[in-house]
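Remarks on the structure that follows.
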């Protein structure tokens, strides 16, 4: 791995020591510990005005419905006790590069050593990375490093199995060069980064992340869509004693993968888009407390669920 592929923080900059200890303000190297701090961004005017053919939405979006859906998710997160920090949203200028900025999960990761700025596979979204960089500067969260071309990584492809193991899906949004850079950046934190190939499914324009196929519900429990799931990853999980619930296929299809996109607020306490009772019942039978919110406009029409709408900053 060539060092030239990895951005290194400037000498003396916060986070320059990539082996930094976890801070009381940041660190989210798992997906199930209680959510303490999270970045959200309200839908901007650009999203409501976006051309659905360009952005791969299923139809034109209604601004009021977008806001209502987002407010409902925000209310669930606030009730859980998590602190919400707001990303600088579309200021009304209608900048097209901000159309997907509400999906705050994808442009960055937050580790115990600071934030990692990613390089989006969806080129229309690359302007969002600067928003995240500025956000972290405002809130005193150091930058651990960045993924640079030819590497591509989207955080929707990054699933923390535990605080020392990161599974990364490789498909149309994340490539091998990006995984190699991420592996080098996280090695000083003693994190194992393992890449897994994703299927073609609906093709390059569609959004199929690894998180379209798995959500961690507890340290030993996950929801997956087995027909499309990487076999090697399934075995990897089973070897570690993680039970994989098989999501109902019809709801996976009808939701456009979003029935599997479940945000865990604490172990076996999760929130998902409403309208998928079979999946909710499966989780409840496994001992999960399941909350739902309306996502008909914001999620089902724009290919993003509750995990996509949140960038965890601190868990534990």
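The values are calculated or read from the model by the stated rules, or taken from the named source; none is laboratory data. Every value quoted in this text rests on a predicted model; they were computed, and no experiment measured them. When we count neighbours, we look across all protein chains shown, and the Cβ atoms used for this are built from the backbone with ideal geometry, even at glycine.
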Quiz item: Applying the selection to segment 277-295, what residues are surrounded by fewer than 24 Cβ atoms within 10 Å (Cβ to Cβ) and in a loop (DSSP other than H, G, I, E, B)?
Solution: 286, 287, 288, 294
Quiz item: Of all residues in segment 137-150, which are assigned to a strand (DSSP E or B) and within 24 Å of residue 55 (Cα to Cα)?
Solution: 147
Exercise. Among the numbered conditions (1) within 28 Å of residue 238 (Cβ to Cβ); (2) touching a strand residue (DSSP E or B) at 6+ places or on another chain (Cβ under 8 Å), tell me where residue 180 comes up short.
Key: (2)
Quiz prompt | Condition met for residue 117 (surrounded by 17 or more Cβ atoms within 10 Å (Cβ to Cβ) and at pLDDT below 95) | solution = no
Quiz item: Quick check: anything in segment 261-271 outside any strand (DSSP E or B), crowded, with 22+ Cβ neighbours inside 10 Å and in contact (Cβ under 8 Å) with a residue 40 or more places away in the chain?
Solution: yes
Exercise. Scan segment 35-52 for residues that are at pLDDT 90 or above, part of a loop (DSSP other than H, G, I, E, B) and within 20 Å of residue 106 (Cα to Cα) and report the count.
Key: 4
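Does residue 248 count as touching a helix residue (DSSP H, G or I) at 6+ places or on another chain (Cβ under 6 Å) and either surrounded by fewer than 22 Cβ atoms within 10 Å (Cβ to Cβ) or over 16 Å from residue 274 (Cα atoms) (or both)?
Values: touching a helix residue (DSSP H, G or I) at 6+ places or on another chain (Cβ under 6 Å): yes; either surrounded by fewer than 22 Cβ atoms within 10 Å (Cβ to Cβ) or over 16 Å from residue 274 (Cα atoms) (or both): yes.
Yes, satisfied.
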Self-check item: Of all residues making up segment 53-79, the number that are in contact (Cβ under 8 Å) with a residue 40 or more places away in the chain, surrounded by 14 or more Cβ atoms within 10 Å (Cβ to Cβ) and in a helix (DSSP H, G or I)
Solution: 10
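If only one of 314, 208, 298, 233 is under 29 Å from residue 115 (Cα atoms) and assigned to a helix (DSSP H, G or I), which one is it?
Working: 314 fails: assigned to a helix (DSSP H, G or I); 208 fails: assigned to a helix (DSSP H, G or I); 298 fails: assigned to a helix (DSSP H, G or I).
Every option except 233 fails the conditions.
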Quiz item: Within segment 88-109, is there a residue that is surrounded by 24 or more Cβ atoms within 10 Å (Cβ to Cβ), more than 21 Å from residue 70 (Cβ to Cβ) and either touching a strand residue (DSSP E or B) at 6+ places or on another chain (Cβ under 6 Å) or modelled with pLDDT under 90 (or both)?
Solution: yes
Quiz item: Hey, among the residues in segment 122-136 that are part of a helix (DSSP H, G or I) and without any contact (Cβ under 8 Å) to a residue 40 or more places away in the chain, which one's surrounded by the most Cβ atoms within 10 Å (Cβ to Cβ)?
Solution: 128
Self-check item: Single unsatisfied condition, residue 299 versus (1) in contact with a helix residue (DSSP H, G or I) (Cβ under 8 Å, 6 or more places away or on another chain); (2) over 29 Å from residue 133 (Cα atoms); (3) in contact (Cβ under 8 Å) with a residue 60 or more places away in the chain
Solution: (2)
